[in-house]
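**Student:** The structure follows.
Rule-based calculations on the coordinates, nothing more; no lab input. Values in this document were obtained by computation on a predicted structure and should not be read as measured data. Heads up, the Cβs are rebuilt from the backbone with ideal geometry, glycines too, and the neighbour counts pull from every protein chain shown.
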Amino acid sequence: MVAFLSRAGRDTKQKQRSQTPSLPLFLCNTLSDLTEHFEPRNSSSVTMYTCGPTVYDYVHIGNMRAYVFADILKRTLGYNGFAVNHTINITDFGHLTDDADAGEDKVMLALQRSGKPINLENMRAVTSVFAEAFKEDMDAIGNLPPSQYTRASDYVGEQIALIRTLVEKGYTYRTRDGIYFDISRFPAYGRLGNINLAAQKEGARIETNPEKKHPADFALWKFGELGWDSVWGKGFPGWHIECTAMAFATLGKQIDIHTGGIDHIATHHNGEIAQAESATGKSPYVRYWMHGEFITIDATKISKSLRNGITLRQLRDRGYSPLEYRYWLLTGHYKSPMNFTFEALDGAKQALFRLKRFVVEGCARESGGTCADGVVIESYREQFHHAINNNLDTPRALALIWELVKDTKYPLPDKAATIKHFDAVFGLRVSDISENEMRSLNVIEVSDLPDEVQKLLSEREHARKRKDWDGADALREAINLKGYLVEDTPKGVRVTKA
Ligand code: AMP
Ligand code: ZN
């Protein structure tokens, strides 16, 4: 653990703290639409559920925003001293293209595309490929593994038991294609996100199941040839019930935080609340609902079903690392929509590289790369803590890093140690340098050079333009004496550490 530098000055390095000082944590709760002081049910540990992907294809960069947001939240909870029990589910059957139980079964489509015989075993095999790829992507983008990944097909028994409870308590009705939850039995339905149910009823499309009493009634069990046996007939559980059943099984009947993308608010999460609270009679099912905004590409919605999403693999093929994409994500607040462009990603790539170079140099200088001699600068640490505790304000926290880089009051090793300390929340792996990066590590941006060297460099450029070669050589010498090497390349001047 790195030491903290007290505000009194750097001479009091011995004033170390082993724990992050406490500060209230504020999070925006979709349920109240307010930024609330976060207080978990149990004072030291937090239960958190994140709606995971439907694994009929590789996840795209839009999906990854939802998981980076959840990861920053989890890291922030950890930074504030909470232990987190975190579940991310993997939907590996039956999520229909339309959240409201219409459209095609996306997993079934993937199974058909694979050309394999249609059975549960092959469905598991096809989805396993994408489930494993998802876990790899999660690691590559710097997300900490959850306490458990739960696959929906491993929890069918729990889902059936939960549906049974709802049937027995009279919350359901049967139609020709399944067992439905009757939202008229749960008056709070639609409270999350203030959904206008009357408008939904008026605007309902004709092709939705005409046997449904209300368009927002949702399937708990869908009959189908491919599926599991149940007292209601062969079929498979609805999408909403899987999340509630797995949250109950792994975290308990009432949990602290539930995350997802904003598209989950209207249907999926209102469905979850209705099922959970009807089954248990306990409210609230979830204390803090948190939702991340969407990424667009060229101002167009990304969607796995539209197949217009870019994957992390495709970014890699174009020479970008998933962590560079993570950096770009952190430049926006999770509640603001972001538009992805490769120009913006180039900026993030460059910024992350500069940050790594700064940390590697700062840490290497005094302590052989460990940062052990660096001291976390308390005034910056405090500002950082305020930023992330203010509803995960990562843009402010990142801006603070660059203020720190420029701040001449502190020695390089302390600045590097402070940035490394912040990385416990950013997860950018700032001290992991690839061989390629190491090679170009010594190259220094002109804007990062000390002012006096920048001045000499510009004088040398003028001398070269005047064809005053002796003058240019003398200036090169002068720059060398300051500890920098100058090289003229076809792309312009290249400056490295001597
Ligand atoms: P899905 O596999 O479609 O259920 O989506 C998985 C997660 O990605 C959910 O939390 C969605 O809300 C989220 N998501 C989907 N598309 C985007 C997008 N374009 N931007 C941000 N999050 C998204
Ligand atoms: Zn879910």
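**Student:** Once you put a point 7 Å from the Cα of Asn196 and another 7 Å from the Cα of Glu121, both along the Cβ direction, what distance in nm separates them?
**Tutor:** Spacing of the two 7 Å Cα→Cβ label points: 5.2 nm.
**Student:** What dipole magnitude, in Debye to the nearest 20, does region 38-292 give about its Cα centre under +1 on Lys/Arg Cβ and -1 on Asp/Glu Cβ? Please report the intermediate quantities before stating the final value.
**Tutor:** Details: 25 positive and 30 negative charges, 115 e Å.
It comes to approximately 560 debye.
**Student:** Could you let me know the centre-to-centre spacing of region 469-498 and region 277-337, using Cα atoms, in angstrom?
**Tutor:** So the separation of the two Cα centres works out to 45 Å.
**Student:** Once the convex hull of the C-alpha atoms of region 38-292 is built, how many Å³ does it hold per residue, rounded to a whole number?
**Tutor:** Numbers: hull volume 30.6 nm³, N = 255.
In region 38-292, the Cα hull volume divided by residue count equals 120 Å³.
**Student:** Same structure again: From the square roots a ≥ b ≥ c of the eigenvalues of the alpha-carbon gyration tensor of region 61-192, which class results: rounded (a/c under 1.5), prolate (a/b over b/c), or oblate? It would help to have the intermediate numbers written out before the result.
**Tutor:** Working: a/c = 2.08, a/b = 1.20, b/c = 1.73.
Taking the square roots of the gyration eigenvalues as a ≥ b ≥ c, region 61-192 is oblate.
**Student:** Turning to a different aspect of this structure: Could you work out Rg/(2.2 N^0.38 Å) for region 443-497, with Rg from alpha carbons only?
**Tutor:** Working: Rg = 10.3 Å, N = 55, 2.2 N^0.38 = 10.1 Å.
Rg over 2.2 N^0.38 Å, computed on Cα atoms: 1.02.
**Student:** As a test of the definition: which semi-axes, in Å, follow for region 312-441 when you take the square root of five times each eigenvalue of its alpha carbon gyration tensor? Largest first, please.
**Tutor:** On the way: eigenvalues 116, 81, 22 Å².
Its equivalent ellipsoid spans semi-axes of 24, 20, 11 Å.
**Student:** What lysines does Lys116 reach when the alpha-carbon gap must be under 21 Å and sequence neighbours fewer than 8 apart in one chain are set aside?
**Tutor:** The qualifying lysines are Lys106.
**Student:** For an R0 of 51 angstrom, estimate the FRET efficiency from the Cβ-Cβ distance between Val446 and Asp154 and round to the nearest 0.05.
**Tutor:** Working: r = 56 Å, r/R0 = 1.10.
Calculated transfer efficiency: 0.35.
**Student:** Rounded to the nearest 20 debye, what is the charge dipole size of the chain about its Cα centre when +1 sits on each Lys and Arg Cβ and -1 on each Asp and Glu Cβ?
**Tutor:** On the way: 62 positive and 64 negative charges, 93 e Å.
It works out to roughly 440 debye.
**Student:** May I pose another question? Among DSSP beta bridges whose residues both lie in the chain, state the antiparallel percentage, nearest 5. Don't skip to the answer; put the middle values down first.
**Tutor:** Values: 27 of 54 bridges.
Just about 50 percent of them are antiparallel.
**Student:** Right, something else. Rounded if a/c is under 1.5, else prolate if a/b beats b/c, else oblate: with a ≥ b ≥ c from the C-alpha gyration tensor eigenvalues square-rooted, which is region 170-299?
**Tutor:** Working: a/c = 1.43, a/b = 1.15, b/c = 1.24.
The shape class here is rounded.
**Student:** Listing Phe248, Phe93 from the residue with the fewest other Cβ atoms within 10 Å to the one with the most, what is the order? Could the numbers behind the result be given before it?
**Tutor:** On the way: Phe248 23, Phe93 28.
With the fewest neighbours first, Phe248, Phe93 line up as Phe248, Phe93.
**Student:** Measure nothing but the geometry: give the 0 to 90° angle between the long axis through the Cα atoms of 451-465 and the longest principal axis through the Cα atoms of the chain, rounded to 10°.
**Tutor:** 70 degrees
**Student:** Let me ask another. Helix 378-389: angle to the longest alpha-carbon principal axis of the chain, degrees 0 to 90, nearest 10?
**Tutor:** Orientation of helix 378-389: about 20 degrees from the principal axis.
**Student:** Between helix 156-168 and the chain, what is the angle of the helix's C-alpha long axis to the longest principal axis, kept within 0 to 90° and rounded to the nearest 10?
**Tutor:** Around 50 degrees separate the two axes.
**Student:** Is region 138-233 rounded, prolate or oblate when judged by the Cα gyration tensor, a ≥ b ≥ c being the square roots of its eigenvalues, rounded requiring a/c under 1.5 and prolate requiring a/b larger than b/c?
**Tutor:** Details: a/c = 1.93, a/b = 1.29, b/c = 1.49.
Verdict is oblate for region 138-233.
**Student:** Further, regarding this structure: If we count other beta carbons within 10 Å of each Cβ, what is the order of Asp92, Asp468, fewest first? Walk me through the numbers before you get to the answer.
**Tutor:** Values: Asp92 25, Asp468 14.
In order of increasing Cβ crowding within 10 Å: Asp468, Asp92.
**Student:** In Å and whole numbers, how far do the C-alpha atoms of the chain stretch along each principal axis, longest first?
**Tutor:** That works out to 91, 52, 40 Å along the principal axes.
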